[in-house]
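The values are calculated or read from the model by the stated rules, or taken from the named source; none is laboratory data. What you are looking at is a predicted structure, and each value in this text was computed from that prediction instead of being measured. Cβ sites come from the backbone with ideal geometry, for glycine too, and all protein chains shown count toward neighbours. With ligands, DNA and RNA removed, areas are computed over all heavy atoms of the protein, side chains included. Shrake-Rupley method; radii C 1.70, N 1.55, O 1.52, S 1.80 Å.
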Amino acid sequence: MRRLTKFIGNKDFYKMVLMIAVPIMIQNGITNFVSLLDNIMIGQVGTEQMSGVAIVNQLIFVYNLCIFGGVSGAGIFTAQYFGQGNHEGVRQTMRFKLWMSAIITALTILLFWLGGTSLINAYLKGDGSAASVAATLAHGKQYLGIMLIGLPAFAAVQMYSSTLRECGQTLLPMKAGIAAVFVNLTFNYILIYGKFGAPALGVAGAAVATVLSRYVEMLIVVLQVHRKKAEYTYAAGLYRTLKVPKNLTLQIIRKGSPLLFNETLWAAGMAMLTQCYSIRGLNVVAGLNVSNTINNVFNIVFIALGDSVAIIVGQLLGAGRMKEARDTDNKLIAFSVMCCAGVAAVMFFLSPLFPSLYNINDEARQLAQYFIMATAVFMPQNAFLHATYFTLRSGGKTIITFLFDSVFIWCVSVLLAYIFSHYTALPVVAVYVAVQLGDIIKCTIGFLLVKKGVWLQNIVG
């Protein structure tokens, strides 16, 4: 019984965790629910349109995680500076995020502008008629061209929202996210189908709606932070200079570069996994798109709890409360896994219902159901991995997280997917399950690293 109590907190503990996690869940939940509706709307237009959008979103996902990785290195310092009460330190990390986001965004726009067609074509190697492949490519190119306009706004939101979360201020990003998704949903309906006298733009309408929502979210967050400087103290004098102290820059680069490379390579690994599955045909691309959209709605629980690990444990480490950080981390990981076991059961039970919402053929619909069921089975495992990753990251162990995350996905997950999809006749769902089973190795490594306590360090002391 005593061993069990170290994984179970009291009422105040769960109240504190939920105060941080629930706003993140609400924001992500509404965002992903609207993405689901967005996906269904495009799916009602046609399979080629949905597949083209899905492929481009997979590419933009790589950019999103590059930005996430770029700001995360500075974010480790932000959480610990805030735990110390050092607001100038928080300002300096925000300036670093600004430079990093601007560089990544500029390079991404250049890459997608020059090489977008080739990147989309990489996902169109499976079975499918020439007309279907050509239509999917055309819709993907159209969608990508418009989506590039929204990347600077996304980068700005990540710079501000990540800082707010690292300081435990999760309500403003939630409110801005809610406003943005309603803008997105409204204009999706108007522009995809041509309602209220607007032209029916289809895929282009979906892209325009997304870009508008990005800029609405950016304006809400940025204006509110600078309007309420008494509440967001670190915003005062933020742009008095754009210089970041050399010593801090070098520290962030040393700690943050592995995170940037990790997020980039991990996202590229996920894109490569999808490409491996896609050689089994366009129906697989459609089925994965449906499954991933549904999964994102249910994954909000372990994602929000993982963010809570980074915020709560990071602040405790910055304050030098090592014993409390370890105890809190144990309880957070256990709470995440238990919550996700319940969510997974609901997801598995409802798996036949979601694909029926899409106007896709029977094979794609059945594949989507099987992918959703498989993901539900492995959700508790993914919850453990996510919480473990953020535990290691909160203590600045970024080289370890690099090896733990992106090196693993390329050396194990992508390798398994490539071999099974190219050199065996296994059904694609069996290949998908085999890749998930490979993560058991990662779970074992993560458990040993967390238990050993290699992450227990103050990096801003």
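General remarks:
- According to the Kirkwood relation over distinct C-alpha pairs, the hydrodynamic radius of the range 47-174 is 16.2 Å.
- Taking N as the residue count of the range 105-155, its C-alpha radius of gyration divided by 2.2 N^0.38 Å amounts to 1.28.
- Over all pairs of different C-alpha atoms, the range 326-373 has a mean inverse distance whose reciprocal, the Kirkwood radius, equals 12.6 Å.
- Surface/4 estimate of mean projected area, convex hull on alpha-carbon atoms of the range 186-267, nm²: 9.1
- Whole-number accessible area per residue in Å² for the range 328-375, which is evaluated in the context of all protein chains at 1.4 Å: 43
- Summarising the overall dimensions of the range 107-222 from its C-alpha atoms, the Rg and Dmax are 16.9, 52 angstrom.
- Across the range 382-461 the C-alpha pair distances fall into 5 Å bins from zero in the proportions 3, 15, 23, 19, 14, 11, 8, 5, 2, 1, 0, 0 percent.
- Within the chain, the longest run free of trypsin sites (Lys or Arg not before Pro) that sit in a DSSP loop with at most 16 other Cβ atoms within 10 Å is 322-461.
- Whole-number D in µm²/s for the chain (Stokes-Einstein; Kirkwood sum over Cα pairs; 37 °C, 0.692 mPa s): 145
- Once exposed loop chymotrypsin sites (Phe, Trp or Tyr not before Pro) are cut out (DSSP; at most 13 other Cβ, 10 Å), longest piece of the chain: 240-461
- Accessible area ranking (1.4 Å probe, heavy atoms, ligands and nucleic acids excluded), largest first, for ASP362, ASP327: ASP362, ASP327.
- Spin-label model, SER118 to ARG321: label points 7 Å out along the Cα-to-beta-carbon direction sit 5.3 nm apart.
- Cα centroid separation - the range 408-447 against the range 279-338, whole Å: 20
- Cα Rg, Dmax, the range 355-413, angstrom units: 16.6, 48
- Share of alpha-carbon pairs per 5 Å distance bin for the range 311-426, given as whole %: 2, 10, 13, 14, 15, 16, 12, 8, 5, 3, 1, 0
- 0 to 90° range, to nearest 10: angle between helix 428-452 axis and the chain longest Cα axis: 0
- Cα centroid separation, the range 378-392 to the range 177-228 (Å): 32
- Sorting CYS411, CYS340 by solvent-accessible area of protein heavy atoms yields CYS411, CYS340, largest first, with a 1.4 Å probe.
- Orientation-averaged projected area, Cα convex hull of the range 213-319 (nm²): 10.5
- Accessible surface of CYS339 - all protein chains present, 1.4 Å probe, nearest 10 Å²: 40
- Calculated on the Cα set of the range 259-303, radius of gyration then Dmax: 12.4, 34 Å.
- Taking only protein heavy atoms and a 1.4 Å probe, the accessible area of the range 189-237 is 65% carbon and sulfur.
- Solvent-accessible area of MET174, all protein chains in place: 30 Å² (probe radius 1.4 Å, heavy atoms, ligands and nucleic acids excluded).
- Counted over all Cα-Cα pairs of the range 223-279, pairs farther apart than 17 Å make up 66 percent.
- Accessible-area rank, largest first, for MET41, MET94: MET41, MET94, with all protein chains present and a 1.4 angstrom probe.
- Heavy-atom accessible surface of THR136, to the nearest 10 Å², is about 0 Å², with a 1.4 Å probe and all protein chains retained.
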